[in-house]
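The numbers here are math on the coordinates, done by the rules we state, and not lab data. Keep in mind that this is a model prediction, so the values were computed, not measured. Here the Cβ positions follow ideal geometry from the backbone for every residue, glycine too, while neighbour counts run over all protein chains shown.
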Amino acid sequence: MEFGVSTFVTDDGIGPVALGRALEERGFSSLFLAEHTHIPAKRESPWPGGAELPRHYYRTYDPFVALSAAAAVTERLRLGTGIALVVQRDPIILAKEVASLDRVSGGRAVLGVGAGWNREEMRNHGTDPKTRMRLLRERVLAVKELWTKDQAEFHGEFVDFDPVFSYPKPVQEPHPPVMIGGSGPTTFDRVIEFGDGWMPIHGRGTADLAGQITGLRERAGRPVPVTLFAVVPKPEIIAELEAAGVDEVLFNLPTETEADTLRRLDSMAALL
């Protein structure tokens, strides 16, 4: 089992350069960054994590800018989104961003995707919350076409373009892995159809994790990789997740100052 962290990089916490260096120096395998383009002042959608939306949700860096900064000062650290809000992103631009990250990092990009929970936020991007799952599907499929075809085209309900040239292509073959976030009743349908792995949040719909992983792999007919993010760094939890068949654990890293973050990473690294 491999170990990384999932976190929010913001303008008032540790920067991506210092964080990337610190993770690689301590033997972590990956860094996954959350995304919110903005938070609407009028909030109606309930946050799945509780009543009060934490400060770091309001202040996130663009994940691809932050991951590129971390890529420049690391050699082995895999660099992922946890999660990229694909329903708020143009698929042609998204394909280029991830392919560019994959090239500047030497093939270390991972695209974790999801449809999001903040309906006000997605509406500001022109996305209808009622159709966001269908939109997510088409945009991911379109991105894969852009990554893998010399002349890519896509014709769907929401995404429609005639043959185009889109470069650079990713380093990884056939493309960077696409990890599907969530744990709802139709999540496994998406993993099987257009995902390369499953990446749920620990403790949200994962009560029978071992059974879920076994069922997913049996349905898919392949050893679907499973990455669990926002994991509390405790030995007993790690042992439980390993027994359940999890391939990678992402410890939840709070957004703190550089000094506090380094001290916390030292404690987490002792569990690797």
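Here the chain is assigned +1 on the Cβ of each Lys and Arg and -1 on the Cβ of each Asp and Glu. Its dipole about the Cα centre then comes out at about 240 debye.
Under the rule a/c < 1.5 gives rounded, and otherwise a/b versus b/c splits prolate from oblate, where does the stretch 126-272 land using the Cα gyration tensor? Here the stretch 126-272 falls in the prolate category. Think of it as helices only: each DSSP H run of n ≥ 4 in the chain is worth -39500 (n - 2.57), and spread over all residues that comes to -11000 deg cm²/dmol at 222 nm. When only alpha carbons are used to place a centre, the stretch 116-173 and the stretch 29-79 end up 20 Å from one another. When each of Ile83, Ile92, Ile201 is scored by the number of other beta-carbon atoms lying within 10 Å, the sequence from fewest to most is Ile92, Ile201, Ile83.
Measuring nothing but how far apart in sequence close Cα pairs (under 8 Å, 6+ apart) lie, relative to its length, the stretch 71-154 scores a relative contact order of 36 percent.
Volume per residue of the convex hull around the Cα atoms, evaluated for the stretch 1-147, comes out as 120 Å³. A protection proxy built from the mean count of other Cβ atoms within 10 Å ranks the segments 115-123, 248-256, 9-17, most packed first, as 248-256, 115-123, 9-17. Summing charges over neighbours of Ala66, with a neighbour being any other residue whose Cβ is under 13 Å away from its Cβ, gives -3 when K and R count +1 and D and E count -1. Each Cα pair under 8 Å and six or more residues apart adds its separation to the average, and for the stretch 2-269 the resulting relative contact order is 22 percent.
For the stretch 2-269, lysine pairs with C-alpha atoms less than 14 angstrom apart, excluding pairs fewer than eight positions apart on the same chain, total 5.
Ratio of alpha-carbon Rg to the 2.2 N^0.38 Å globular estimate for the chain, to two decimals, please.
Rounded to two decimals, the normalised Rg is 0.97.
Comparing mean-square fluctuations of Ala71, Ala220, Ala51 from a GNM of the chain with C-alpha springs under 10 Å, the top value falls on Ala51.
Please determine, in degrees from 0 to 90 and to the nearest 10, the orientation of helix 235-244 with respect to the longest principal axis defined by the Cα atoms of the chain, where the helix direction is its Cα long axis. Tilt of helix 235-244: around 40 degrees.
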